[in-house]
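The values are calculated or read from the model by the stated rules, or taken from the named source; none is laboratory data. All of these numbers come straight from a predicted model, not from anything done at the bench. As a convention, Cβ positions derive from the backbone with ideal geometry for all residues, glycine included, and neighbour counts pool all protein chains shown.
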Amino acid sequence: MNNEQYFSISSNALLLAFILLLIAIVPFGFATKSRHTVSWKSALALTWIAFILQIIYFVCRWKAVGHAPVSNMYEFMTFFGIMLIGAVLLISYLYKQWSIGFFALPIALIVLGYGSVFTNKAAPLIPSLQSNWLAVHVITVAASSAVLSVAFVTGLMYLLKTATTKTRSTKWLELVLFNLIVVVGFILISTLCHLFFSPQTVEFINKGGQTTVATYTLPIIISNDTEVGIIKLTTSINAKKLNTIVWSFLVGIVLYLIIRYTTRKTLCEILKPFTLRMDLRLLDEISHRAILIGFPLFSLGGLFFAMIWAQIAWGRYWGWDPKEVWALITWLFYAALLHLRLTKEWEGERTAWLAIIGFGLIVFNQVFVNLVIAGLHSYA
Amino acid sequence: MEKIICTCKHVNPVGTKLCEKCGRPLTTEEQEKSVVDMRYDGIAIRSKTHNKSIVDKIWNFFSSVKVGIALIIITLIAASIGTIFPQEFYVNVATEAEKAAYYKDIYGTIGSLYYNLGLSDLYSSWWFQIIVGMLGVSIIVASIDRGIPLHRSLKNQRVKRHASFMKRQRVITEGQPSEQADKTLDLIEQQMKQLKYKVRREDNALFAEKGRFARYGPYINHLGLIIFLGAVMLRLVPGFYVDESMWLREGETRAIDGMDGYFLHNDKFILETYDNDPQGEQLRQGVNVVAKNYQTNVTLYKQKEGAIAGQTSDLEEVKSYEIRVNHPLKHEDYSIFQMDYRLNELKVMHFDLQNKASEKSLGAISIDLTDPEKEYIIDDQTKVELALYLPDFSGFKDGVPQTASPFPNNPAFIFRMFTPETPEGETSFVSIGQPAMEPLGNNQYKMKFASVETRNMSGLTIRKDKTIPILFVGGIIFMLGVVIGSYWNHRRLWVEQLEDGTIRLAAHTNKNWFGMKKDLNALTTHAHLPQYVDQVEEEQEQKEKEGDNTL
């Protein structure tokens, strides 16, 4: 087989896996309520097949592109999603709790969907990335982030289960869920525009006085140019990125309102029944255990391996690059969480919130730091 | 110093909560609890007992876990502020004024404020380093404060514990065994040994223990962190850390900065690019070529013993190497990294000495731009003098030509041409892209530019970091500590058989009660013991029945 064939196998396997995971949510939903083994067994079977397909994606793509397929945003996010499915399977089997999948699968799908918005073309590796440490470093980071994300999912379930109407905590929880909807909005509008909208370009004079061309893949609401769009911005703000954010929120809000008005329930109220059969203490325990697995793994991949590679490639193991700093921040945060839990008896609701914030930090570092803050890790 | 004397006559230090020998609760607080606090086995902790002198107060401050967590959070927030705008070392300007202007121009008033507050160089600021230093002190003090007494207490554990200690453990049993009451302790010993516990017996009491080292996990990982932080500080000690950089032209041999007695020769610099079609982000950013390889082929030389510093005549070849990104040249403690490059630096310029009218050439000269000669002799009567050489011509100041740098970026020359026809010499000012100037009147001859040779330059970084092995040791110890503390647990079992055959049993584990109970289930069956109770769980269930929290 040649590289192109491998490439098409890998893409098709990934797409099929995505569809299977989407379908698997339904039996997982039944499994959270009924005691019939058929529902959770079929849900697990679908998840397993999807996971195997994703592994096929990974291996074939590696073969096709000639290096570990974790070198741009598409590849990283996809691998993160795969690891998330793996982590969910692992934790589910460790605790024999099948309803975690119902909440974790949508999160994994959002991660995969987010990755798919970026180009799936393989770019050749720049010299600093040509190293075996690329695979070692990124794979351990993705695995640890995935396990820590399970703590986020169980934390979310814990809070949903304890949610009561009109408390402050419940409102914040609704906001967390709304943010997930906004990401779905981003994926939807980006995919739709990719299919049905031809990109527009805007020319404007940037701060340095040079003429810059911005290619908008979404319809223009905001731009740096007077001629196009509804709102014109000064050049100190990147209008293209803001345009995307505005679109994501618009679509997110529409989706949210549709859900609210068709079901006449808040997201918390819709999701709470799916947590009824879970034991609170067990959810807390799973959350804690996931962090105990994820934290050392993150120390290893996100800091230790990262430092070794930085020493080899750039001649210094630490350079206060934004990505490095945010990895340190994430690590410090989970260290603080563990101290609070182990010595200050923070449990249940409080650590559940901390697990959610921790996930926020991971996402911030993988997405925001790459796309917004300029640094050595700015790719895709 | 006051002491607490327990009913069992053991003398305990002040602050002890559970008698070191028999385990009796010594404070009213512990006596009132149904389950005692076993985190530090009820030992006296210095920070909880001394609070008089200033040293005590400082010690207590740093030993507090609350303070430690606060320091972690402060470090975390401070570090995040440093990523709002790029730090100064990522900004490519030299002077303070340029930096100030950069932040103002690019980020406006907020950028200016950011720079003026020193946030643009946050990580080397005194206050950030003090915070990290305090965090380090907190790790050390908190570990010593609890670790040493805990170690003492774990080392001196007695087999027999008092009933008041046993009853206040989380998992307990008391009752008659259903069978073989005379052999119960033997059966327990047998079972616990099979479960890989260490068993000790004394009279009618038994003590079984497993995985004590798990209690040291937190102290081990803190030790690793301290070693790591220590190694980072060691960089400041001379001899541990070298960080130099140098530009090396192709064909050039130069002494290596920071690496005494060594010379490096640049054989060739190679830049390779991918010949792909630009796509994705590459296209969007307008980058047409992606670099594939940056490489400098070098030869490393060493001066012979006893040679004069800087002397290049007597060099021994050490090795040849192709330095690439991710593949530094390593020799002894030093590594040389490929960091930068400059292509097509002017090396040699060729000129023709020509008659302006007939364009007849009298001969050619070649000027080495990094090492020009004073005069170039063509024959007896014909020569060219290089009156002035400006490697990086930047214009005139008060009628005098200026050079911006010693690098041949824009060379300019003042030639004096001597020919049989013009034995007094003619002066000509030649620079790139401009017609020659003839300040002393019309010349008969001119220097006609013929061709140029260029060469590449490699930017190399020389580093020695003797702290790296220590960092490695610290990192590995940290990982070991975390794993030991997270995945192993310390399980203990105290048993006493009373005279009437009643078994009194208490169990403790620092975590994973599920695993402990599995061991106890096996034991209960094997030794025919009554069912144990979990006092904490009972209490929780009681609470849950009272309060109802549904949507």
The stretch B:499-516 - residue that is more than 14 Å from chain A (Cβ to nearest Cβ) and assigned to a loop (DSSP other than H, G, I, E, B) and, of those, surrounded by the most Cβ atoms within 10 Å (Cβ to Cβ): B:T502
Test for A:R316: is it surrounded by fewer than 20 Cβ atoms within 10 Å (Cβ to Cβ), more than 10 Å from chain B (Cβ to nearest Cβ) and within 24 Å of B:G136 (Cβ to Cβ): no
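For every residue, the table says whether it meets (1) buried (at least 17 other Cβ atoms within 10 Å of the Cβ); (2) assigned to a helix (DSSP H, G or I); (3) free of Cβ contacts under 8 Å to residues at least 24 places away in the same chain.
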residue	(1), (2), (3)
B:C8	no, no, no
B:N12	yes, no, no
B:T16	yes, no, no
B:D37	no, no, yes
B:G42	yes, no, no
B:N60	yes, yes, yes
B:I73	no, yes, yes
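For every residue, the table says whether it meets (1) under 17 Å from B:G475 (Cα atoms); (2) assigned to a helix (DSSP H, G or I); (3) touching a Leu at 6+ places or on another chain (Cβ under 7 Å).
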{"site": "A:R289", "(1), (2), (3)": "no, yes, no"}
{"site": "A:S299", "(1), (2), (3)": "yes, yes, no"}
{"site": "A:G302", "(1), (2), (3)": "yes, yes, no"}
{"site": "A:M307", "(1), (2), (3)": "yes, yes, no"}
{"site": "A:A327", "(1), (2), (3)": "yes, yes, yes"}
{"site": "A:L338", "(1), (2), (3)": "no, yes, no"}
{"site": "A:T351", "(1), (2), (3)": "no, yes, yes"}
Hits in the stretch B:343-378 (condition: farther than 26 Å from B:R254 by Cβ and of a type in the set (A, V, I, L, M)): B:L353, B:A357, B:L362, B:A364, B:I365, B:I377, B:I378
Count - residues of the stretch B:63-96 that are more than 7 Å from chain A (Cβ to nearest Cβ) and more than 20 Å from B:S125 (Cβ to Cβ): 6
Enumeration of residues in the stretch B:45-58 that are modelled with pLDDT of 85 or more and either crowded, with 19+ Cβ neighbours inside 10 Å or outside any loop (DSSP other than H, G, I, E, B) (or both): B:I54, B:V55, B:D56, B:K57, B:I58
Residues that are over 14 Å from B:F449 (Cα atoms) and crowded, with 17+ Cβ neighbours inside 10 Å, drawn from the stretch B:412-426: B:R416, B:M417, B:F418, B:T419, B:G425, B:E426
Single condition A:T47 does not satisfy, out of (1) modelled with pLDDT under 90; (2) buried (at least 20 other Cβ atoms within 10 Å of the Cβ); (3) farther than 22 Å from A:E4 by Cβ: (1)
Failed item, numbered, when B:G395 is tested on (1) surrounded by fewer than 15 Cβ atoms within 10 Å (Cβ to Cβ); (2) in a strand (DSSP E or B); (3) under 44 Å from the mean Cα position of the chain (by Cα): (3)
Criterion violated by B:E496 - all others in (1) more than 30 Å from B:L229 (Cα to Cα); (2) within 14 Å of chain A (Cβ to nearest Cβ); (3) charged (D, E, K, R) satisfied: (2)
Test: residue in the stretch B:123-131 that is modelled with pLDDT under 90, out of contact with any Ser or Thr (no Cβ under 6 Å at 6 or more places or on another chain) and aromatic (F, W, Y): no
When residues of the stretch A:333-368 are limited to those that are closer than 20 Å to B:N512 by Cα and polar (S, T, N, Q), the one modelled with the lowest pLDDT: A:T343
Scan of the stretch B:68-113 for residues that are under 28 Å from the mean Cα position of the chain (by Cα) and basic (K, R), ordered by number: B:K99
Candidates A:T215, A:T262, A:T211, A:T226, filtered to the one that is more than 20 Å from the chain's Cα centre (by Cα) and modelled with pLDDT of 80 or more: A:T262
Selection count where residues are modelled with pLDDT under 85, more than 55 Å from the chain's Cα centre (by Cα) and of a type in the set (A, V, I, L, M, F, W, C), scope the stretch B:413-458: 3
Set B:G224, B:G310: member being in a loop (DSSP other than H, G, I, E, B) and either within 14 Å of chain A (Cβ to nearest Cβ) or at pLDDT below 85 (or both): B:G310
Filtered residue count, the stretch A:112-141, keeping only those that are buried (at least 20 other Cβ atoms within 10 Å of the Cβ), within 20 Å of A:K63 (Cβ to Cβ) and of a type outside the set (A, V, I, L, M): 1
Failed criterion for A:F186 (all others in (1) touching a residue at least 40 places away in the same chain (Cβ under 8 Å); (2) outside any helix (DSSP H, G or I) hold): (2)
Subset of the stretch B:192-245 that is assigned by TED's automatic domain parsing to the domain that holds B:A506 and of a type in the set (S, T, N, Q) - its residue that is nearest to B:D260 (Cα to Cα): B:Q194
Residue, surrounded by the most Cβ atoms within 10 Å (Cβ to Cβ), within the stretch A:174-205, restricted to residues that are in contact with a Cys (Cβ under 9 Å, 6 or more places away or on another chain) and away from chain B (no Cβ under 12 Å): A:L177
Scan of the stretch A:254-287 for residues that are more than 17 Å from A:L177 (Cβ to Cβ) and either of a type in the set (D, E, K, R) or not in a helix (DSSP H, G or I) (or both), ordered by number: A:L276, A:R277, A:M278, A:D279, A:R281, A:D284, A:E285
Selection count, the stretch A:319-347, where residues are at the interface with chain B (Cβ under 7 Å from one of its Cβ atoms) and among the small types (G, A, S): 2
Qualifying residue in the stretch B:445-457 (condition: touching a strand residue (DSSP E or B) at 6+ places or on another chain (Cβ under 9 Å), within 14 Å of chain A (Cβ to nearest Cβ) and among the acidic types (D, E)): no
Filter pass, B:W127 being away from every other protein chain (no Cβ under 13 Å) and either farther than 30 Å from B:N510 by Cα or without any contact (Cβ under 8 Å) to a residue 40 or more places away in the chain (or both): yes
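Here's the yes/no breakdown for (1) over 30 Å from B:D41 (Cβ atoms); (2) crowded, with 20+ Cβ neighbours inside 10 Å:
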| site | (1), (2) |
| --- | --- |
| A:F298 | yes, yes |
| A:L338 | no, yes |
| A:G348 | no, no |
| A:Q366 | yes, yes |
Residue that is of a type in the set (S, T, N, Q), part of a helix (DSSP H, G or I) and surrounded by fewer than 18 Cβ atoms within 10 Å (Cβ to Cβ), where the choices are B:S164, B:S120, B:S138: B:S164
Pair list, Cβ < 9 Å and 6+ apart or interchain, from the stretch B:381-397 residues that are at pLDDT below 85 to residues that are part of a strand (DSSP E or B) and not hydroxyl-bearing (S, T, Y): B:Q381/B:F418; B:S394/B:P401; B:S394/B:Q402; B:S394/B:N410; B:G395/B:P401; B:G395/B:Q402; B:F396/B:Q402
